[in-house]
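Here's the structure, in structure tokens; my notes come after.
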Amino acid sequence: MGRRTEREAVGRLLAGAQRGRAGALVVRGPAGIGKTALLDDAARTATASGFRVERSIGVEPESQLAFAGLHQAVASLLDRVDTLPGPQQAALGVALGQRAGAPPDRFLVALATLNLLAEVAEDGPVVCLVDDAQWVDEASAQVLAFVARRVAAERLALVFAERTTGGDHVHALSGLPEVRLGGLADTEARALMATETLLPLDVRVRDRIVAEARGNPLALLELPRTVKAADLAGGFELVDGPDVPSRVEDTFRRRSATLPEETQLLLLVAAAEPTGDVGLLWRAVAHLGVDRAAAAPAEAAGLLEVGPRVRFRHPLVRSAVYQAAAPPDRRRAHDALAAVIDARTEPDRRAWHRAQAVRGTDEDVAAELEDSAARAQARGGCAAAAAFLQRATDLTPDPATRARRALAAAEARHEAGASDAALGLLEVAAAGPLDVVERARLDLLQAHITFGSTRRSDVPEMLLDVASRLAPLDPALARQTYLHAFDAAIITGGLGPGRSISELAEAARSAPETGAPSGPADLLLDGLVTTYTQGYAAGVPELRRAMEAFCVEDPATGAGDGDDHRWLWLASRTALTTFDDELLHALASRNVQLRREAGALAMLSPALLFLSAVWVISGEPARATELIAEEATIRQATGGLPLRFGELVLAAWGGRRAETIEIHAGAVQDAEARGNAAEVALAQLCLAVLHNGLGSYAPALEAAAQACASLDAPHAALALPELVEAASRADEPERAAEALDQLGSRARSSGTEWALGLAARSRALTLPGPSAEDDYREAIERLGRCRMAVFLARTHLVYGEWLRRQRRRQDARAQFRTAHEMLSAMGAHAFAERAAHELRATGEHPRRRTIQPTDALTPQELHIARLVATGATSREVGAQLFLSPRTIEAHLRSIFRKLDITSRRQLRDIPLP
């Protein structure tokens, strides 16, 4: 009755899914408002339309069991799991507890779920209906939300029903299309009561119930049951009080209280065990001495239905029964359930019920919960592990063991992304007693949480303090913490105002050896220490050995050491500081590859943006744009915070003044608020590039100087050439000479063609008259042998400008022509316009770029086309881009249409930018 608009929204979703336009919808509203009824209607409509209907329901007691909701949602589809790629099969199997293995990244589990649903949808349209989504465990909610955001061309629809209280909602589902159910109109409410209420109601009673129910259908059906018979025909009034769902819950509570004691106990056991397993219910009540016949009064009262599954009339009945029970009765019910659950097949459920049956503390149960936490972590269920450990903490009698478990629970909460909850547990752990290693671990976690949420400049010093304390106690953890401190210091720009990374390096110099063979991370730490204590020249050889070690793959697995993977971004950045273009490309690409393969989307986002910047300075903006677009879709799917560094680099090199200045202003404001000098410097470097491209040398000089001043010396690599160019053109020869001296010294230490080419170019910019030509020629020769084509193109431009000043018009024209063609193709439009202006001044009009068919492709389509052109299948491309094969096929149809081709083979013959 009613709900026309909402039913139409669901109908449009189903119609779209039938035609291969997948989608998702979240139905939100308070308890009793009709969400389940809307899902029931959707199920009937979908079944009649030939859909396969998969239903699942969140239940509050299972909200802490990792992937319990996902298991409900896909259990009947697992016979198709063998169609998935091996890594996805493994991830889903481990997550659902069906096989052993390393904890999978939750996004690889999500990709497996997406492809499993897409595979089933190839046989016919599928709709997944998830009721009471607010109680779906966190891991499952994240997976299902990811699927909802990534579906596109599949015959698949997902509908979530979520109970809301005030403004609360499931964070994972934020941003998905939604409908909010409000109350029925008064006319609809009266019609519902007339249809469903068998007892005669006085008009005044009816109108008062309609007013107090506020259109809530469940309240309209349940509140009349509370009216005394004598009042049905005259003057009954409801007293103002709690909100409507609470009032309805109270009616269920009063109704259950009138039932026989054995029936009430049976209801309580059913409420305490949410799986709906009839056999488990009968075993538990038998353990309590209650006969099965005790269920009959509850069924007659319309509170419970016992069929193939145990079902309550409404989730409010379950909560009403459970909340109304006295604590001893609740413990008795959980104890009975724990007694009849098989510890071999369901140890975690048994442990959870045992924990709910405890009054006070119990070390045996706490230890059992700790074992359950270890199993949850092995499945990748960090949130569930944290819940088990937190409850174990509550039950632990010994203060030292309690503190240890609280610390472990805090670490699990942080790993699950619940940093606020982790901080609360750290307070419990801090009450101690903790040993010195545990105290250091506590401070380490505190530093990680602070850094992750604020990027504050005082975090490196916090990490340095922890590392120093760990050094004599846990050498391996101490070395990792020193490396974390370097990482944080490089990101924030030092150890705080007036302090440099050299202080950190001096402390890390005494880091003890672990006794194990040095891995890539050890070599990187040693190289950084040498660089900051003995100088850039001494550090480069050690850093290069470390970077090369990160590139070595295990011949058996094709991968490196998993513990070292986390440092690939730092190794990539180190390659940038040493001007090693080959290692820079190798490490940045490997970082992206490994994050993709692991499904580690949280770490993939920054890896994509770093690689995009590498592609920009390599002169391939189309590839950079593809990666930035990919990062944006991943961020949308995961709900991550926006990272605009990639957009800033692309806009600055593209010469887009307004866009660059807007992004730059926001980046600087945010970074300055956190005292993050390094991020400010990177933003200033982009501004310097923009102004050098526009020929605005005074602001370029100011920006480049700020970038160099804010960065520690080894990390000012790319700012120095910008400073030299701006200073030489702004008639600041002394500042240009000072920057050139630093750049030249590093170039000689690095010895790469990129470094020596930039040094030669910068040297030529500072020399007067004919003496500069040899350096320009050397720069062009060296830069022509490295990957960083954008610097080669800019060198042709400044060499042409020098030739024009020497009145060598013909020679200058050739350089300007080359520069214009290269810079235009690279999307460096401000620099290209400078070349065009100079070319026109020599009497030649610049050649217009020919429009290519590939210009019509979106960044995502271009990315897919590039992968398919290498021979990759739709399944392989989908696995890389976290899309289903069907969505890839849909994109390919669009690509073929735009390029006027009909096959993958033809795609291989088309030159892609």
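Let me cross-check Tyr799: its accessible surface, 1.4 Å probe, with only protein heavy atoms counted, in Å² to the nearest 10?
Surface accessible to solvent at Tyr799 totals approximately 10 Å².
Between Arg809 and Asp741, what FRET efficiency comes out of the Förster formula 1/(1 + (r/R0)^6) with R0 = 45 Å and r the beta carbon distance, rounded to 0.05? Walk me through the numbers on the way to the answer.
Values: r = 34 Å, r/R0 = 0.75.
Efficiency, from the Cβ-Cβ distance: 0.85.
How big is the charge dipole of the chain about its Cα centre, in debye rounded to the nearest 20, if each Lys and Arg gets +1 on its Cβ and each Asp and Glu gets -1 on its Cβ? Before the final figure, lay out the partial values.
Values: 104 positive and 119 negative charges, 550 e Å.
Dipole magnitude for the chain comes out near 2640 debye.
Mind giving me the FRET efficiency for His171 and Thr454? R0 is 25 Å, r the Cβ-Cβ distance, nearest 0.05 is fine. Before the final figure, lay out the partial values.
Values: r = 20 Å, r/R0 = 0.79.
That gives a FRET efficiency of 0.80.
Which angle between 0 and 90 degrees, to the nearest 10, do you get for helix 203-213 versus the longest principal axis of the chain when only C-alpha atoms count?
30
Between helix 568-577 and the chain, what is the angle of the helix's C-alpha long axis to the longest principal axis, kept within 0 to 90° and rounded to the nearest 10?
Helix 568-577 sits roughly 20 degrees off the main axis of the chain.
Hey, can you find the accessible area per residue of region 66-146 for me, probe 1.4 Å, expressed in square angstrom? It would help to have the intermediate numbers written out before the result.
Details: 2410 Å² over 81 residues.
That works out to 30 Å² for each residue.
Treating only the Cβ of Lys, Arg, Asp and Glu as charged (+1, +1, -1, -1), what charge dipole size does region 2-116 show about its Cα centre? Round to the nearest 20 debye. Each step should come with its number before you reach the end.
Details: 14 positive and 10 negative charges, 98 e Å.
With only Lys, Arg, Asp and Glu charged at Cβ, the dipole is about 460 debye.
Extension gain Ser502-Ser246, at 0.36 nm per residue separation less the Cα-Cα distance, in nm? Intermediate values should be presented prior to the final figure.
Working: separation 256, 0.36 × 256 = 92.16 nm, distance 6.17 nm.
86.0 nm is the gain from fully extending Ser502 to Ser246.
How big is the charge dipole of region 627-706 about its Cα centre, in debye rounded to the nearest 20, if each Lys and Arg gets +1 on its Cβ and each Asp and Glu gets -1 on its Cβ?
Working: 5 positive and 9 negative charges, 14 e Å.
Value, rounded to 20: 60 debye.
Return, ordered by residue number, the residues of region 90-125 whose backbone nitrogen is under 13 Å from a label point located 7 Å along Cα→Cβ of Arg875.
115-116, 119-120
As an exercise, use a Förster radius of 41 Å and the Cβ-Cβ distance of Val437 and Asp774 to find the FRET efficiency, rounded to the nearest 0.05. Before the final figure, lay out each step's value.
On the way: r = 61 Å, r/R0 = 1.48.
The calculated FRET efficiency here is 0.10.
Want the number for Glu781 to Asp277: 0.36 nm per residue separation, take away the alpha-carbon distance, what's left? It would help to have the intermediate numbers written out before the result.
On the way: separation 504, 0.36 × 504 = 181.44 nm, distance 7.57 nm.
This chain segment gains 173.9 nm when fully extended.
Skip the ligands, DNA and RNA, and give the accessible area per residue of region 372-509 with a 1.4 Å probe, whole Å².
Working: 5010 Å² over 138 residues.
On a per-residue basis, 36 Å².
For region 379-455, give the percent of accessible area contributed by carbon and sulfur heavy atoms, probe 1.4 Å, rounded to a whole number. Write down the numbers at each step before the final one.
Numbers: 1450 of 2870 Å².
With neighbouring chains kept in place, the figure for region 379-455 is 50 percent.
In square angstrom, rounded to the nearest 10, how much accessible surface does Ile910 have for a 1.4 Å probe?
40
For the Cα atoms of the chain, what angle does the longest principal axis make with the long axis of helix 733-750, in degrees from 0 to 90, nearest 10?
Around 70 degrees separate the two axes.
Stretch Asp420-Glu672 to full length: gain in nm at 0.36 nm per residue minus the Cα-Cα span?
Values: separation 252, 0.36 × 252 = 90.72 nm, distance 2.40 nm.
That pair, Asp420 and Glu672, stretches by 88.3 nm at full extension.
Starting from the amide H of Val126, placed 1.01 Å from N in the peptide plane, find each other amide H under 5 Å away whose residue is 5 or more places distant or on another chain.
For Val126, the qualifying residues are Arg52, Leu156, Ala157.
Using 7 Å Cα-to-Cβ label points, what is the Arg848/Glu8 separation (nm, one decimal)?
4.8
Taking Rg and Dmax of the Cα atoms in Å as the quantity of interest, determine which of (i) 32.8, 112; (ii) 37.7, 119; (iii) 35.8, 111 was computed from the displayed structure.
So the structure-derived entry is (i).
At 222 nm, what value in deg cm²/dmol follows for the chain if DSSP H runs of at least 4 each add -39500 (n - 2.57) and the sum is divided by all its residues, to the nearest 500? Don't skip to the end; give the middle numbers.
Details: 46 runs with 590 residues, N = 913.
Result for the chain, helices only: -20500 deg cm²/dmol.
In nanometres, what is the gap between the two model label sites at Thr345 and Cys551, each 7 Å from Cα along Cα-to-Cβ?
Each label point is offset 7 Å from its Cα along the Cβ direction, giving 5.5 nm.
Between Thr47 and Asp186, with labels modelled 7 Å along Cα→Cβ, what's the label distance in nm to one decimal, could you check?
3.8
The values are calculated or read from the model by the stated rules, or taken from the named source; none is laboratory data. Just so it is clear, the model here is predicted, and its values are computed rather than measured. With ideal geometry, Cβ positions are generated from the backbone for all residues, glycine too; neighbour counts draw on all protein chains shown. SASA here: full protein model, heavy atoms, side chains in, ligands and nucleic acids out. Shrake-Rupley method; radii C 1.70, N 1.55, O 1.52, S 1.80 Å.
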